[in-house]
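The values are calculated or read from the model by the stated rules, or taken from the named source; none is laboratory data. What you see is a predicted model; the values in this text were computed from it and never measured. Neighbour counts run over all protein chains shown; Cβ positions are idealised from the backbone, glycine included. Only protein heavy atoms, including side chains, enter the accessible area calculation; ligands, DNA and RNA are left aside. Shrake-Rupley method; radii C 1.70, N 1.55, O 1.52, S 1.80 Å.
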Amino acid sequence: MKIAFSTLLFIIFSNFITAQDILLQGWYWDYPKTAQGASWPDTLMNKAEDLSSAGFTQVWLPPLSLAGSGGGSNGYDIRDYFYLGNTPGVRTGFGTRAKVDAVINKFNQVGMIAIADMIYNHRDGGQPERNDAVAGWIKNYNNTKYLAGDKPYPSDRVKMTLPIGGTTGRGSGKYYFKIRSASQNPDFYGKGYTFFVRTNRVGNSGLPAKNESTGANGGGDCGQPHDTIELARTMNASIDVGGCGIDEFMVSLDTNDYNASGDQLTISIINTNSDYADQYILGLWYTRTNSNLRDSLIYTTNTSFQNLPSGRGQMNFLNFKPNGAPTCLCGDSDVMLFFYDVDQNRAESRDTLRAYTKWMWDNVGVRGFRVDAIKNMPPSFSSGLLNYLNSTGINPPLYVGEHYSYSDGELKTYIDNVKSGMTPSALANINPRLFDFGLQEALRDACDALGFDARNIFQRGIVDGAGGIGFDVVTIVNNHDFRNTGNAVDNDAILAYAYLIMNNKVGLPSVYYPDYYNPLYTSRLKAVMQAHKKFVAGSSNHEYLNRFGTPFSGNFISGASSNATIFQLGGANGCNGNGASVAAINFSGNTLKVDQTINTGGGFNISPGDTLIDVLGYSNFDYAVVDANNKIYIELPGRSFSLWAKVPFPVAATITTSSTSICFGDTSILNSNITLDCYTYQWFRNSIPIPGANQSQYKATLDGTYSFEISYNGNLPAYSNSVSVAVLPGIPLINFSNNAISGNLSGSYTWYYSSDSSSFTILSGITDSTLTPLVGGYYYASVASQGCIVQTNVINVLLTGINNPLAFGISVFPNPANESITINSLHEMIEQVLISNPLGQFIKTSNGGRHQHTISTTDISSGVYTVTIFTTKGTLHQNVLIQH
């Protein structure tokens with residue numbers, strides 16, 4: 001039976017394009033580390049609600065395990081898999097185990113899962129150990145192996161040591177080192193390296209680096225002079241072409257250079273070029289014994305991972321390449337790029353990494369894995385790991401690898417190979433993915449490269465460029481690795497995000513933290529993410545309307561097809577059960593004006609006469625009508641985008657309130673009679689939008705006149721009736737001034753006092769609104785007024801003089817405050833500012849050090865707070881009402 005191509009697409013895509021998930025990379029390369037006194041988990045926790053409400057469902061955390069370089073590291077130089085900073089004073093760059101638990105719990109509370117960054121490819125921070133496998137690789141390297149593709153061992157990861165002193169019979173005297181290319185292949189001649197010899201007693205001579213002699217310096221047996229170098233001084237050199245092809249260096253030791261009871265020479269030969277050469281010690285002549293000590297050299301690598309803080313995850317040199325097992329140190333799955341390369345082909349290595357992954361799931365609570373440098377590991381490693389996890393009942397919703405390649409076909413082949421090695425059960429429950437660098441490249445060029453034809457985007461990436469499916473893909477625009485010129489999308493990255501988020505066919509979208517919090521992008525990212533959730537997610541039909549060779553004509557009145565991507569989606573459930581939409585992105589700086597033919601065939605649910613509303617509101621018209629020729633008119637400003645959906649026009653809602661008058665601290669529930677998910681909602685108080693009030697219900701705690709707007713991201717707004725809410729008897733405030741505490745409301749007062757803000761006692765017999773305190777401490781009152789009993793704020797009274805900011809020439813404004821509070825001092829220096837809640841708990845602190853200080857209050861809930869100001873003259877208090 002033959003199946004039409006469009007039907008086949010539907011069958012394929014309907015299997016996976018159902019999720020509304022969006023991944024946030026919740027960090028960047030230089031995020032503040034614990035070594036800087038920072039706590040990135042706290043930053044993330046403070047933003048968790050915002051991220052969840054924006055539409056993020058998953059957050060990718062940085063590497064959590066202890067790194068070789070400790071608290072200043074991003075964690076990619078992983079040392080101890082099972083240690084997340086449990087011991088005081090030993091922290092990861094991210095934080096402590098307690099912080100890890102707290103941030104994961106916080107994200108779980110807001111409906112987001114944590115994705116751990118897993119480093120399986122390499123390891124760092126081990127202790128030195130003898131490594132005969134590496135010694136054999138270096139000493140036995142030859143031209144035949146080089147021509148067969150074997151690579152030299154990285155010179156920066158090995159040292160040679162020679163025991164001296166004690167009973168060795170070696171100590172003072174002259175040591176002649178002969179350095180030669182092991183393969184003697186011309187490719188390695190002329191490549192720079194440094195030569196350095198030290199003892200335990202003399203680690204640094206303090207002398208500047210020295211350059212080898214001009215011309216041949218192969219030593220006497222080559223009929224050439226040698227170079228003399230001081231102990232612990234660097235020699236810059238290279239292997240010369242011709243002659244012996246040898247460098248000889250002489251180092252002289254006397255009794256002051258080493259510990260007579262036992263010491264060692266440590267020799268380093270490190271390449272200075274960008275790749276690795278094959279210099280090695282051909283000979284080591286010692287004058288006191290007139291013998292060649294080359295075979296007495298011990299080759300050491302820092303591959304002993306035994307005494308770890310966690311006591312788990314032990315490895316030694318046998319777990320790293322080369323270890324006697326077949327390897328070439330070449331090719332994507334065998335090359336040594338970072339630190340010490342773990343050999344995943346060894347069962348012991350695989351067992352450790354599997355135990356590490358299961359522990360992260362079971363013990364730490366992560367629910368997904370981002371795999372670093374997956375390109376440099378065989379696909380069978382991921383297959384085996386996922387099979388193992390599935391067999392233990394663990395089926396991570398996200399397992400995505402970083403295969404850093406811009407080849408669409410290479411990426412597709414790799415993920416196919418991973419899947420081909422998975423058991424039927426694992427494959428049915430786990431969907432391994434790769435980041436789509438090929439599609440990112442096309443989007444980058446569309447945003448940044450002058451003259452690039454944007455239609456190339458339609459034929460790039462794992463899905464459209466190599467025939468893959470979106471369930472194999474996580475799409476990216478920017479990430480922490482794009483730190484060099486030419487990698488990141490530098491100009492209007494929002495256009496690239498718009499394509500990935502509005503086109504669910506190409507994979508799970510991801511957003512980079514600095515991009516999300518870029519003020520130029522934040523509001524538009526939030527809008528397009530909501531559009532993804534309401535109108536795009538689940539689309540099973542896709543039509544690239546202006547692709548190369550398209551049958552859907554476009555009459556471009558302004559702009560050109562080469563500067564735009566216009567595509568159509570259908571088949572989603574949609575917020576109103578329709579799921580029909582058209583998206584357009586204008587990569588040009590000029591206005592795009594086009595009469596675009598669309599697909600009115602089956603699966604797209606659009607017909608002539610239908611109205612498509614601009615649900616983002618970024619085009620120049622509120623809506624477009626499909627004409628008799630199946631065309632719609634699109635007009636987009638330069639460097640912009642929008643989405644048109646077949647949805648109903650907004651209609652005015654009727655709102656009701658549970659109570660028109662409430663006591664302070666109580667809530668009046670406001671409800672709209674319209675709850676269609678298509679719409680964008682916004683509540684207003686006294687005609688001013690209420691930040692974050694974007695649901696069909698709102699809990700009012702302040703007096704005022706409330707109204708409700710229904711729109712599509714502000715487009716085509718429809719307004720409700722208004723309702724008023726009165727707060728009785730008003731907002732209760734007490735303030736300390738002129739040695740008295742005064743309340744602002746009339747009524748009967750009950751006063752409370754505490755010396756430490758933890759346990760309050762009633763000050764009986766005082767019912768007036770004014771109280772003269774006899775001792776310093778914490779005070780508040782409850783007030784009976786107009787049928788309500790309300791509680792004031794808590795203030796801390798310090799009886800050390802006048803506690804009136806105005807008396808010190810200090811002003812605190814605005815009051816009431818919305819987004820920030822500014823403290824201005826005419827005379828005294830502000831040393832520190834604290835904000836405390838009505839319970840006397842400090843919720844925000846900021847160092848001063850100047851005469852004016854501003855504190856953001858956007859993350860503080862509405863209410864009455866005490867601002868405590870420490871100055872060089874004294875301590876001051878001011879109550880401030882914060883209302884949003």
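What to note about this one:
- Any hit, the range 180-196, residues being of a type in the set (Lys, Arg), surrounded by 14 or more Cβ atoms within 10 Å (Cβ to Cβ) and within 17 Å of Ala277 (Cα to Cα): yes
- Odd one out for Gly765, checked against (1) small (Gly, Ala, Ser); (2) modelled with pLDDT of 90 or more; (3) assigned to a loop (DSSP other than H, G, I, E, B): (2)
- From the list Ala572, Ala531, Ala583, the lone residue that is in a loop (DSSP other than H, G, I, E, B) and either at positive phi or open to solvent by less than 10 Å² (accessible area, probe 1.4 Å) (or both) is Ala572.
- When the strands (runs of 3 or more DSSP E) confined to the range 257-376 are screened for residues that are within 27 Å of Tyr141 (Cα to Cα), those reaching at least 3 such residues are found at 263-271, 279-286, 298-304.
- Selected residue (only one of Glu248, Glu230 is more than 41 Å from the chain's Cα centre (by Cα), in a loop (DSSP other than H, G, I, E, B) and either modelled with pLDDT of 95 or more or of a type in the set (Lys, Arg) (or both)): Glu230
- Screening the range 538-558 for residues that are in a loop (DSSP other than H, G, I, E, B) and surrounded by fewer than 22 Cβ atoms within 10 Å (Cβ to Cβ) and picking the one that is modelled with the lowest pLDDT gives Gly538.
- Test: residue in the range 88-98 that is within 21 Å of Gly365 (Cβ to Cβ), outside any loop (DSSP other than H, G, I, E, B), without any contact (Cβ under 8 Å) to a residue 24 or more places away in the chain and more than 15 Å from the chain's Cα centre (by Cα): yes
- Evaluated against (1) among the polar types (S, T, N, Q); (2) in a strand (DSSP E or B); (3) within 19 Å of Asn735 (Cβ to Cβ); (4) modelled with pLDDT under 80, Asn815 falls short on exactly one condition, (2).
- Of residues in the range 606-624 being open to solvent by 40 Å² or more (accessible area, probe 1.4 Å) and closer than 24 Å to Phe587 by Cα, the one nearest to the chain's Cα centre (by Cα): Tyr618
- Among the residues of the range 291-311, those that are open to solvent by 20 Å² or more (accessible area, probe 1.4 Å) and under 15 Å from Lys178 (Cα atoms) comprise Ser291, Asn292, Arg294, Asp295, Ser296.
- When restricted to residues that are open to solvent by less than 70 Å² (accessible area, probe 1.4 Å), touching a Ser or Thr at 6+ places or on another chain (Cβ under 7 Å), within 22 Å of Val797 (Cα to Cα) and at pLDDT 75 or above, the range 836-856 contains 1.
- Inside the range 69-87, residues that are of a type in the set (S, T, N, Q) and either open to solvent by less than 50 Å² (accessible area, probe 1.4 Å) or under 19 Å from the mean Cα position of the chain (by Cα) (or both) make up a count of 2.
- Lone qualifier among Gly743, Gly787 - being in contact (Cβ under 8 Å) with a residue 40 or more places away in the chain and open to solvent by less than 50 Å² (accessible area, probe 1.4 Å): Gly743
- Within the range 326-376, the residues that satisfy the criterion of being open to solvent by less than 30 Å² (accessible area, probe 1.4 Å), closer than 21 Å to Thr413 by Cβ and within 23 Å of the chain's Cα centre (by Cα) are Arg370, Val371, Asp372, Ala373, Ile374, Asn376.
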